[in-house]
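The values are calculated or read from the model by the stated rules, or taken from the named source; none is laboratory data. Keep in mind that this is a model prediction, so the values were computed, not measured. A quick note on method: Cβ atoms are made from the backbone with ideal geometry, for glycine too, and the neighbour counts reach across all protein chains shown. Keep in mind that these areas ignore ligands, DNA and RNA; they rest on the heavy atoms of the full protein, side chains included. Shrake-Rupley method; radii C 1.70, N 1.55, O 1.52, S 1.80 Å.
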Amino acid sequence: MMLHMKPRYGLPLAAILSVVGIASVAQAGEPQSFDQIARGRDVSIASDCQGCHTMPGGLPFAGGLALQTPFGKLVAANITPDMQTGIGSWTDEDFYNSLHEGRGKGGELIYPAMPYPAYTKMTYDDAMALRAYLRTVEPVTQDVVSNQLPFPFSIRASLNVWNALNFTQGTFKPDPNLSPDANHGAYLVTALGHCATCHSGKTSLGADEPKAFLTGGLLQGWWAPDITGNMRTGIGGWSNDDIVQYLWTGVNRFSVATGPMMETVTNSTSKMSKEDLGAIATYLKGIRGDQTAAPPKAAADTVLELGKVVYTDNCSMCHVQNGDGVSGLFPKLATNGSVQSLNATSQIRVVLQGGRGVSTQAAPTAPAMPSFGWKLGDAEIAAALTYVRNSWSNAAPVVEASDVKKLRDNLGGED
Ligand code: HEC
Ligand code: HEC
Ligand code: HEC
């Protein structure tokens, strides 16, 4: 991969605009105003384009971040305005089509690891604002080979089939049954924030399963929990303020964001306005997710007894004996929706590897959880989690020692 950096301006947006001169940034057609560019930056933040299109420590939007998909490796493209290696030579239509149709310059099909199944809902005006903003970022000459998939997935034409089966093109339409605030939240969640990419169950082809809309999904060894208004497994028990606080700071009285959600909070939701986050909260709480799953099978008393001992010795100093945690520091495990997820992958992972919550401007000191993978055996971890998931009025499926072993083996050298 070739990397050549041009000098950076290192100036705030307004200063860059006056240096570059808006006229020279604008290409034929659309005139660009400061308001349009500022709107484009907000759209970029809410859509988290930067999260995937920037390598850790790399130049913004220059691409290079590898995404593991079930079919192999894809690398996010360079979307800076560089003429050769970025999207500087693209027309506005090329750019719109990449979001709306999943087709890049020259009609080339884009892999759905790029969340165009969500971005298709973006309004034309927002897409053009985003385009105007992306013209103002530093052009970086960096050739990125996006498609590193093995044959036959490397054949882009195979996406015609995937799209025909799984992709519905179309701009967001407000639901007349929802309030304007909830509709605004629906737009942010489904069109820009692409929350379903992680939080919805998936079909065997990796597309969002409509019946499992936001009721939880598995990705790269994490479980993104139910974020619908469901009372037990979802966030129905959170107030709107609780949701706003979580998205704004990564921490609230119930939960601490880790892993991929920590990245979403850091790059995206912590930089959004409180009004936008409030609209997201209103929309999420109004969704009634599917609740037809069978009730969890009861855990054996011997397992719960072992779990209580392990919990008392290793966990209670932070999460407190009654599972109440310490607000803003150590998550409350009692009546916690994500702790009662049907799938315990994220919890096993946190106990094996430990974790650190988000550090945001609003809450700069991120609380940490130590790793226990070196200290506790598979059966002890399984028992502790089974105890946590079935105490203090929690109820959730038993965690088996074999589940812990499987994840421990998969994470391999990672811890
Ligand atoms: C979840 C990760 C992810 C997010 C978020 C994301 N992208 Fe992408 N994007 C990718 C990947 C991976 C590719 C390469 C796909 C391929 O080669 O088919 C890509 C490709 C593209 C391309 C095609 C570039 C080319 O040279 O062919 C454009 C344009 C693009 N993204 C723009 C955006 C914009 C604008 C946003 C925000 C609205 C965004 N992306 C958000 C992962 C992402
Ligand atoms: C890249 C994947 C990803 C994306 C995109 C994502 N999330 Fe998450 N989210 C997760 C994971 C994984 C967790 C669990 C984190 C943990 O256990 O600490 C989570 C946790 C949450 C929680 C806490 C739930 C609980 O019960 O503790 C909320 C609320 C949430 N996400 C909302 C959102 C919203 C709203 C969006 C879209 C704006 C979004 N997420 C986008 C992966 C993602
Ligand atoms: C030193 C304090 C500390 C100890 C000891 C500790 N934890 Fe944690 N725990 C945390 C913090 C901080 C978080 C939030 C950060 C994270 O999720 O990585 C957390 C998160 C969790 C979560 C995820 C909660 C959610 O909302 O998804 C679970 C489950 C959990 N701990 C269980 C345990 C168990 C079981 C033990 C004992 C084996 C334990 N913890 C010991 C501090 C601690």
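Some points to look at:
- A single member of Gly229, Gly236 is within 16 Å of ligand 3 (Cβ to nearest atom) and within 25 Å of Asn390 (Cβ to Cβ), and it is Gly236.
- Region 122-133 residues that are more than 16 Å from ligand 3 (Cβ to nearest atom) and open to solvent by 10 Å² or more (accessible area, probe 1.4 Å), paired with ones that are aliphatic (A, V, I, L, M) and part of a helix (DSSP H, G or I) (beta carbon under 6 Å, 6 or more apart): Asp126/Val43; Tyr133/Ile37
- Pairing residues of region 86-114 that are assigned by TED's automatic domain parsing to the domain that holds Tyr133 and at positive phi with residues that are at pLDDT below 95 and within 16 Å of ligand 2 (Cβ to nearest atom), at Cβ distances under 7 Å and at least 6 apart in sequence or on separate chains, gives Gly102/Pro112.
- Taken as a whole, the condition of being surrounded by fewer than 18 Cβ atoms within 10 Å (Cβ to Cβ), among the polar types (S, T, N, Q), at pLDDT below 85 and not assigned by TED's automatic domain parsing to the domain that holds Thr54 does not apply to Thr233.
- Any hit, region 154-163, residues being in contact (Cβ under 8 Å) with a residue 12 or more places away in the chain, under 21 Å from Tyr187 (Cα atoms) and either out of contact with any strand residue (DSSP E or B) (no Cβ under 6 Å at 6 or more places or on another chain) or not basic (Lys, Arg) (or both): no
- The residues of region 26-50 that are closer than 17 Å to Pro81 by Cβ, open to solvent by 80 Å² or more (accessible area, probe 1.4 Å) and at pLDDT 95 or above amount to a single one, Arg41.
Residues checked against (1) open to solvent by less than 20 Å² (accessible area, probe 1.4 Å); (2) modelled with pLDDT of 85 or more; (3) within 15 Å of the chain's Cα centre (by Cα); (4) of a type in the set (Lys, Arg):
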| position | (1), (2), (3), (4) |
| --- | --- |
| Gly217 | yes, yes, yes, no |
| Gly229 | yes, yes, no, no |
| Ser239 | no, yes, no, no |
| Ile243 | yes, yes, no, no |
| Thr258 | no, yes, yes, no |
| Asp276 | no, yes, no, no |
| Ile280 | yes, yes, yes, no |
| Ala294 | no, no, no, no |
| Cys318 | no, yes, no, no |
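- Top-ranked residue of region 245-256 - restricted to ones that are farther than 25 Å from Asp42 by Cα and within 7 Å of ligand 2 (Cβ to nearest atom), ranked as farthest from the chain's Cα centre (by Cα): Phe254
- Leading residue by the ranking (nearest to ligand 1 (Cβ to nearest atom)) among those in region 53-94 that are part of a strand (DSSP E or B) and surrounded by fewer than 19 Cβ atoms within 10 Å (Cβ to Cβ): Leu67
- Within region 111-139, the set of residues being part of a loop (DSSP other than H, G, I, E, B), more than 20 Å from the chain's Cα centre (by Cα) and under 23 Å from Pro60 (Cα atoms) comprises Thr136, Val137, Glu138, Pro139.
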